[in-house]
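Some notes on the structure that comes next.
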Amino acid sequence: MSAIIEENLKAVRRRMELACQASGRQKEEVKLLLATKTVPLDKLRSAIRAGETLFGENKAQELRGKYADMQQYKQVEWHFIGHLQTNKVKDVVKYVKMIHSVDRFKLGQALHNQLQKENKTMDILVQINTSYEESKFGARPEDALELVEQLSHFDTLHIKGLMTIGKLNATSEETRHCFRLLKQLQTQIIANHIPGVEMDVLSMGMSGDFEVAIEEGATIVRVGTKIFGERYLPDSYYWNEKSGSHD
């Protein structure tokens, strides 16, 4: 299994490099985040042995379990990439360096309150629903600037950029439109010079569309099944929420 995962990683990284070349970018500009939803620990260890260190989890309970089981791997940096309920904030902020999915003021408030209690800060990305699909979480594109401005008042939250999920089961051009819109929102927010807000990070692109995302400016791509293989059971078996995988 280790050999298969190592080969898959090489293939994904090669495709990332080619996408960077095609768009005139340096390969160092784009980070690979391994989406670990429902992936067993032995596969994660194989990825670590292959040199990977950036992992993203979708569910607070699964994150807590994996973090506890993998504490010996001090080089691993965990991000949270799934929909975050306010009552799970306390569980998540203990373990992660960045939260990709801050999509509403109420969540920002809950994060701020918990981080104040712990005397901590947190890097965050603001999630935007660029495809306008009702099945997905994320702020509407036309609300992005206002939400970033509101969240910027919480001094515990360090806004680093934006995140989106491309349109599901779509053509590459439909998906490209989603990523291009996120890039446009990034440019718009930068132009407003909001104090304390950075807009260097665009988290977009998954197993089926990461090359298009790179061409449109992604700085983090979230890839799982292309590395670890298809999941044994559908997402709906594990939890019931809006559809729209973060891998």
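Below, the figures for the structure above:
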| item | result |
| --- | --- |
| Selection count where residues are within 22 Å of ASP200 (Cβ to Cβ), of a type in the set (A, V, I, L, M, F, W, C) and open to solvent by 10 Å² or more (accessible area, probe 1.4 Å), scope the stretch 95-138 | 2 |
| Residue among LYS136, LYS120 that is more than 18 Å from ARG222 (Cβ to Cβ), assigned to a loop (DSSP other than H, G, I, E, B) and not acidic (Asp, Glu) | LYS120 |
| Boolean, GLU17 is in a helix (DSSP H, G or I), modelled with pLDDT of 95 or more and charged (D, E, K, R) | yes |
| Count of the stretch 61-94 residues which are open to solvent by 10 Å² or more (accessible area, probe 1.4 Å), over 18 Å from LYS160 (Cβ atoms), outside any loop (DSSP other than H, G, I, E, B) and of a type outside the set (S, T, N, Q) | 10 |
| Single condition ARG45 does not satisfy, out of (1) surrounded by 14 or more Cβ atoms within 10 Å (Cβ to Cβ); (2) within 19 Å of LEU202 (Cα to Cα) | (2) |
| Checklist (1) of a type outside the set (D, E, K, R); (2) modelled with pLDDT under 95; (3) farther than 24 Å from THR36 by Cα applied to PHE105, failing item | (2) |
| Selection from the stretch 139-177 of residues that are aliphatic (A, V, I, L, M) and outside any loop (DSSP other than H, G, I, E, B) | ALA139, ALA144, LEU145, LEU147, VAL148, LEU151, LEU157, ILE159, LEU162, MET163 |
| Single residue of the stretch 16-34 satisfying the filter (of a type in the set (D, E, K, R) and closer than 21 Å to HIS79 by Cβ) that is surrounded by the fewest Cβ atoms within 10 Å (Cβ to Cβ) | GLU28 |
| Where a residue in the stretch 194-221 is in contact (Cβ under 8 Å) with a residue 40 or more places away in the chain and its partner, wherever it lies, is open to solvent by less than 20 Å² (accessible area, probe 1.4 Å) and among the hydroxyl-bearing types (Ser, Thr, Tyr), with Cβ under 7 Å and at least six apart | MET204/THR164; ASP209/THR175; VAL212/THR175; ILE220/SER203 |
| Among the residues listed as SER203, SER135, SER172, the single one being among the hydroxyl-bearing types (Ser, Thr, Tyr) and under 17 Å from the mean Cα position of the chain (by Cα) | SER203 |
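The values are calculated or read from the model by the stated rules, or taken from the named source; none is laboratory data. What you see is a predicted model, and the numbers here were worked out from it, not measured in a lab. Positions of Cβ are generated from backbone atoms using ideal geometry, with glycine treated the same way; all protein chains shown enter the neighbour counts. The protein model used for the area step is the full one, side chains on, heavy atoms only, and it has no ligands, DNA or RNA in it. Shrake-Rupley method; radii C 1.70, N 1.55, O 1.52, S 1.80 Å.
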